[in-house]
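A short write-up of the structure that comes next.
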Ligand code: PLP
């Protein structure tokens with residue numbers, strides 16, 4: 001493999017057994033030298049290069065990517081304009097350390113974020129390097145702004161694996177097992193989709209389930225374990241990501257905003273996975289006119305470069321020098337990638353996410369009518385979850401989901417599970433309807449071969 005770019009493809013091309021011989025060598029070396037804590041899926045992709053929606057592995061196999069490096073490569077792999085922006089910035093200044101020095105990039109991106117985030121302007125931005133760090137910032141800021149230290153989060157949420165955000169994360173027991181007592185005082189509430197309302201069974205429809213979760217917070221938590229005046233923040237994903245691509249109902253989000261206003265609690269919205277055009281609007285909050293106090297953003301904002309930001313109402317971010325900072329956070333190369341990414345998103349990719357997302361969802365709904373084993377097809381824009389169940393029941397079919405995931409990979413389609421029994425579709429936002437036709441045809445074949 002000599003060139004760095006790939007020839008344009010129309011369909012996946014699988015030429016070797018998977019993984020191929022070169023891939024297997026890398027997997028062996030990884031098994032010897034790399035931490036085994038990474039939760040790798042059942043299929044093994046050993047990537048060499050990627051372009052647009054295509055990935056080439058080390059053995060020359062070509063895959064259609066409908067995962068985007070776990071919802072990160074929003075503008076597609078190695079978008080030429082993002083690459084040029086990174087190269088230009090890398091030649092001018094790679095690092096300076098915004099904690100101690102000034103450079104134009106940080107205020108430039110912070111000002112742009114002030115324009116586009118769902119948090120009401122004026123805002124301020126803190127720069128970090130990942131999603132979990134953006135969440136850590138939000139937690140510290142909520143504690144600073146309220147002088148309180150309890151948090152409310154939701155079951156099946158994922159907010160990261162560092163100790164503060166881990167106290168919120170609750171999508172799998174493996175994430176916490178062995179780490180004993182959590183760093184923060186967090187109480188979890190069922191997310192609306194799985195809420196069994198103990199107060200009024202008749203309320204358990206879509207809107208009712210949202211009301212059920214709110215009732216749980218107000219009537220149970222606030223009256224027993226968790227006085228509202230001690231709660232610093234409620235942390236929520238508008239569309240649960242790792243929990244299985246589950247959008248929240250509007251009345252639930254409106255209710256959270258009301259509860260926070262009523263009790264001086266910070267509403268922290270984690271848009272790490274759902275933000276930056278993924279849902280067909282710039283932020284998932286925008287679908288519901290939700291106005292958080294603090295928003296966490298990472299993944300798609302840098303098209304693959306590590307950047308995480310926490311944006312808050314300006315009057316909350318009045319902490320003193322030294323309260324929170326990061327050596328690499330706000331790195332100029334990452335910001336150059338983020339500014340170009342936002343330009344591309346505003347220039348058409350958010351619209352494409354909405355249009356192609358609608359098309360993908362309608363094609364997946366056709367498969368739902370064809371196969372009894374597909375339960376829910378849900379989501380917004382290009383953030384779509386397909387749930388696998390036993391027959392027409394609601395009983396989750398995690399093994400079938402895993403088999404479908406591997407069968408897709410064997411046919412050259414990269415998709416990834418989320419939650420117990422869901423396959424997530426989180427492709428690059430440049431995906432075309434032609435790509436969708438190829439991907440859904442493979443998905444169809446993979447399901448037929450797996451049931
Ligand atoms: N928050 C959400 C909603 C996420 O989906 C993730 C990662 O999947 C994180 C936070 C943590 O991000 P990172 O892996 O960059 O630390």
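The values are calculated or read from the model by the stated rules, or taken from the named source; none is laboratory data. The structure displayed is predicted, hence computed values, not measured ones. Note that we place each Cβ from the backbone using ideal geometry, even for glycine, and neighbour counts take in every protein chain shown.
Quick check on region 157-187: of everything there that is assigned to a helix (DSSP H, G or I) and within 12 Å of the ligand (Cβ to nearest atom), which residue is modelled with the lowest pLDDT?
175
Residue by residue through region 330-351, note down the ones that are surrounded by fewer than 24 Cβ atoms within 10 Å (Cβ to Cβ) and more than 18 Å from residue 116 (Cα to Cα).
Within region 330-351, 332, 333 qualify.
May I ask you to list the residues in region 128-156 that are within 9 Å of the ligand (Cβ to nearest atom) and either surrounded by fewer than 22 Cβ atoms within 10 Å (Cβ to Cβ) or not assigned by TED's automatic domain parsing to the domain that holds residue 257 (or both)? Even if it seems obvious, please write down each step before you answer.
Taking region 128-156 first, the residues within 9 Å of the ligand (Cβ to nearest atom) are 129-135.
Passing the criteria: 129, 130.
Kindly establish whether residue 5 is more than 25 Å from residue 403 (Cβ to Cβ), outside any helix (DSSP H, G or I) and either under 26 Å from the mean Cα position of the chain (by Cα) or modelled with pLDDT of 95 or more (or both).
Details: more than 25 Å from residue 403 (Cβ to Cβ): yes; outside any helix (DSSP H, G or I): yes; either under 26 Å from the mean Cα position of the chain (by Cα) or modelled with pLDDT of 95 or more (or both): no.
For residue 5, the condition - more than 25 Å from residue 403 (Cβ to Cβ), outside any helix (DSSP H, G or I) and either under 26 Å from the mean Cα position of the chain (by Cα) or modelled with pLDDT of 95 or more (or both) - is not met.
Residues in region 230-239: is at least one at pLDDT below 95, away from the ligand (no atom under 16 Å from the Cβ), touching a strand residue (DSSP E or B) at 6+ places or on another chain (Cβ under 7 Å) and not in a strand (DSSP E or B)? Full working, then the answer.
To start, the set of residues in region 230-239 that are at pLDDT below 95 comprises none.
No, that holds for no residue.
Quick grid of which residues meet (1) over 21 Å from residue 68 (Cβ atoms); (2) in contact with a helix residue (DSSP H, G or I) (Cβ under 6 Å, 6 or more places away or on another chain):
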{"position": "218", "(1), (2)": "yes, no"}
{"position": "232", "(1), (2)": "yes, yes"}
{"position": "243", "(1), (2)": "no, no"}
{"position": "269", "(1), (2)": "yes, yes"}
{"position": "273", "(1), (2)": "no, yes"}
{"position": "277", "(1), (2)": "no, yes"}
{"position": "283", "(1), (2)": "no, no"}
{"position": "302", "(1), (2)": "no, yes"}
{"position": "305", "(1), (2)": "no, yes"}
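Take residue 312 and decide whether it is surrounded by fewer than 24 Cβ atoms within 10 Å (Cβ to Cβ) and more than 14 Å from the ligand (Cβ to nearest atom). Don't jump to the end; show me each part of the working.
On the way: surrounded by fewer than 24 Cβ atoms within 10 Å (Cβ to Cβ): no; more than 14 Å from the ligand (Cβ to nearest atom): yes.
So residue 312 fails the test.
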